[in-house]
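Written out below as C-alpha cells is the structure these notes cover.
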Amino acid sequence: MAGVSDGLAERTQAQLRHGLRVAMLVLTAVILCGLSLSSLVRNLHRFPVPQAQFAAFAVLAAVLAAEAVLVVRRRSWGAMRGPAVLIVLAAAALSYTTLDGHTASSVDWAFGAANWVGAAVLLERPLRSMVVFLVAHESLALLDLLVLEDVTRAALARFATGSVTVVGFPLCIAVVAVVLRGIGAAAAAAADELARVRTEEAVAVESHRRRAQRFAELSDTAVPLLEGLADGSLTPDDAGVRRRCAIEAARMRRLFAEADTVANPLLHELRHCADVADRKGVEVELEARGSLPALPRAVRRDLTEAALTALATAESRARVAVVGSAELVSVSVVADCGEVEVPEPATPGVRVEAHGAGGTVWMEARWQPGS
C-alpha cells in the first residue's frame with residue numbers, strides 16, 4: 001500500500017510541476033518572441049552593434065527552446081541548470097554593454113526578457129535560487145548603468161522603476177509556484193490518506209466476508225456436533241463422537257491454514273491436518289515428490305479430505321504421500337484407522353479410491369487439470 005501511495009503522490013507532484021512549467025514557458029515565449037523581439041527590431045537603428053543584440057537574443061531563444069524540449073519530454077535540466085543560468089546572464093551582459101546609454105529604457109529589450117528566461121529555467125528550484133538569479137541579473141544591469149553611462153537622477157529613477165516589474169513579476173511567479181507546490185503536496189497527502197482509509201475499509205469488509213464464509217463452512221458439520229455435546233444428546237464416551245470431533249478439529253485446522261500465504265498451500269494444509277494426529281501420539285510421515293501446480297482452494301479441499309479423515313481417526317501410525325506434476329496431482333494415505341466414510345468430491349476431475357483390510361486403510365485422491 002505504501003508503494004501505491006508514494007506513486008500517487010509522485011504523479012500528483014509531477015503533474016503540477018509540469019503544468020507550472022508549461023504556463024511559464026508560454027508566458028516567457030510571448031515576452032521574448034513577441035514583446036522583446038518587436039522592441040529589438042523597432043530600435044535596431046539605435047544600437048551601435050546590432051549583431052551583439054541579435055547574438056544575445058539568439059542565446060536567450062536557444063535556452064528557451066531547450067526548456068521547451070525538456071518540457072515536452074518531461075525532463076529536468078539536472079546538472080545543466082547552472083550552466084544554463086550562466087549563459088542567460090552572459091547574454092544579458094552582452095546586450096547591456098552594447099546599449100550605448102539605454103539601460104532599463106524602452107530600447108533595452110533584454111532587461112525585461114533575460115529575467116523571464118532565467119526564471120523559466122529556475123522555476124522548479126527553491127525560492128532562494130530565483131532570488132539569487134534576479135539579484136545577479138539586476139546587478140549586471142546596474143553595473144552597466146554605473147560604469148558605462150552618465151549616472152543621472154533620471155537614469156537611476158528609470159532603472160528603479162523598471163526593476164519593480166523586472167524583479168517583482170518573476171518573483172511573484174516563483175512565490176506562486178512555491179505555494180502551488182505546497183498545495184500539491186497537501187493534495188497528494190490527502191489522496192494518500194484517502195487511499196489508506198479505503199484500503200482499510202476494503203480489508204475490513206473482506207475480513208468480515210471471510211469470517212462469515214468460514215462460519216458457514218463449519219456450521220453444516222461442526223455446529224450440530226457442538227450442539228449435541230452441549231445438550232447431552234452426544235457423549236464424549238462414544239467412539240463415534242470422538243472420531244467426529246477429531247475430524248472436525250482437523251477440518252478447522254485446514255480451514256485456518258487456507259488463509260495463510262505460503263509457497264505450497266496443499267502441503268501446508270496437510271501439515272496442519274497431520275498436527276491433529278500428532279497431538280494424539282500418532283506417528284505421521286509426510287512425503288512430497290514432484291512439482292505441484294497452482295491448485296484452486298476447492299480442489300485442495302477435495303484432495304485433502306481423505307487424508308484428513310484418515311489422519312484424524314488413525315490409531316498409531318499414518319503415512320501421507322503427495323505426488324505432483326503438470327498432468328496429475330495425487331494425495332494418498334495409509335493409516336490404521338479402520339473403515340472410514342469419505343464424502344464425494346465436489347470438484348469435477350477429482351477421483352477418490354479407498355481400500356481397507358485388517359484395520360488398515362489406503363485412500364488416494366487424484367486430480368487431473370483440465371479433466
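Worth pointing out:
- Any chance GLY162 is surrounded by fewer than 16 Cβ atoms within 10 Å (Cβ to Cβ), over 35 Å from the mean Cα position of the chain (by Cα) and within 19 Å of ILE31 (Cα to Cα): no
- THR161 vs. criteria of a type in the set (Val, Ile, Thr), assigned by TED's automatic domain parsing to the domain that holds ASN115 and out of contact with any helix residue (DSSP H, G or I) (no Cβ under 7 Å at 6 or more places or on another chain): yes
- Hey, VAL334 surrounded by 13 or more Cβ atoms within 10 Å (Cβ to Cβ), farther than 22 Å from ALA216 by Cα and in contact with a Pro (Cβ under 8 Å, 6 or more places away or on another chain) or not: no
- Pairs, first assigned by TED's automatic domain parsing to the domain that holds CYS337 and closer than 17 Å to VAL276 by Cα in the range 231-243, second hydrophobic (A, V, I, L, M, F, W, C) and modelled with pLDDT of 80 or more, C-beta under 6 Å, six or more apart: VAL241/LEU234
- Conditions (1) outside any helix (DSSP H, G or I); (2) without any contact (Cβ under 8 Å) to a residue 60 or more places away in the chain; (3) not hydrophobic (A, V, I, L, M, F, W, C): number failed by SER38: (1)
- As a summary of the residue check, HIS268 satisfies the conditions (1) closer than 30 Å to SER207 by Cβ; (2) of a type outside the set (Ser, Thr, Tyr); (3) in contact (Cβ under 8 Å) with a residue 12 or more places away in the chain except for the one numbered (3).
- Restricting attention to the range 291-341, the residues that are under 44 Å from the mean Cα position of the chain (by Cα) and not small (Gly, Ala, Ser) add up to 20.
- Residue that is surrounded by the fewest Cβ atoms within 10 Å (Cβ to Cβ) [pool: residues in the range 296-318 that are touching a residue at least 60 places away in the same chain (Cβ under 8 Å) and under 15 Å from GLN368 (Cβ atoms)]: VAL299
- Yes/no for ALA120 being of a type in the set (A, V, I, L, M), within 19 Å of VAL30 (Cα to Cα) and in contact with a Ser or Thr (Cβ under 9 Å, 6 or more places away or on another chain): yes
- ALA120 meets all of the listed conditions (1) in a helix (DSSP H, G or I); (2) farther than 20 Å from LEU171 by Cα but one, namely (2).
- Count - residues of the range 248-290 that are at pLDDT 85 or above, assigned to a loop (DSSP other than H, G, I, E, B) and within 38 Å of the chain's Cα centre (by Cα): 1
- Set LEU146, LEU134: member being surrounded by fewer than 17 Cβ atoms within 10 Å (Cβ to Cβ) and at negative phi: LEU146
- Within the range 123-157, being farther than 30 Å from LEU20 by Cβ and not in a helix (DSSP H, G or I) holds for GLU149, ASP150, VAL151, THR152.
- Here ALA14 passes the criteria (1) closer than 29 Å to ALA190 by Cβ; (2) in contact with a helix residue (DSSP H, G or I) (Cβ under 6 Å, 6 or more places away or on another chain) except the one numbered (2).
Conditions (1) of a type in the set (A, V, I, L, M, F, W, C); (2) closer than 12 Å to ALA113 by Cα; (3) modelled with pLDDT under 95; (4) surrounded by 13 or more Cβ atoms within 10 Å (Cβ to Cβ), marked per residue:
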position: THR12; (1), (2), (3), (4): no, no, yes, yes
position: GLY19; (1), (2), (3), (4): no, no, yes, no
position: ALA23; (1), (2), (3), (4): yes, no, yes, yes
position: THR28; (1), (2), (3), (4): no, yes, yes, yes
position: ILE31; (1), (2), (3), (4): yes, yes, yes, yes
position: LEU37; (1), (2), (3), (4): yes, yes, yes, yes
position: PHE47; (1), (2), (3), (4): yes, no, yes, yes
position: PRO50; (1), (2), (3), (4): no, no, yes, yes
position: PHE54; (1), (2), (3), (4): yes, no, yes, yes
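- Flag for SER76 being under 40 Å from the mean Cα position of the chain (by Cα), of a type in the set (Ser, Thr, Tyr), more than 17 Å from LEU32 (Cα to Cα) and outside any helix (DSSP H, G or I): yes
- Among the residues of the range 73-122, the ones that are surrounded by 19 or more Cβ atoms within 10 Å (Cβ to Cβ) and of a type in the set (Lys, Arg) come to 0 in all.
The values are calculated or read from the model by the stated rules, or taken from the named source; none is laboratory data. Predicted, not measured: the structure shown is a model, and the values here were computed from it. Glycine gets a Cβ as well: all are built from the backbone with ideal geometry, and neighbour counts include every protein chain shown.
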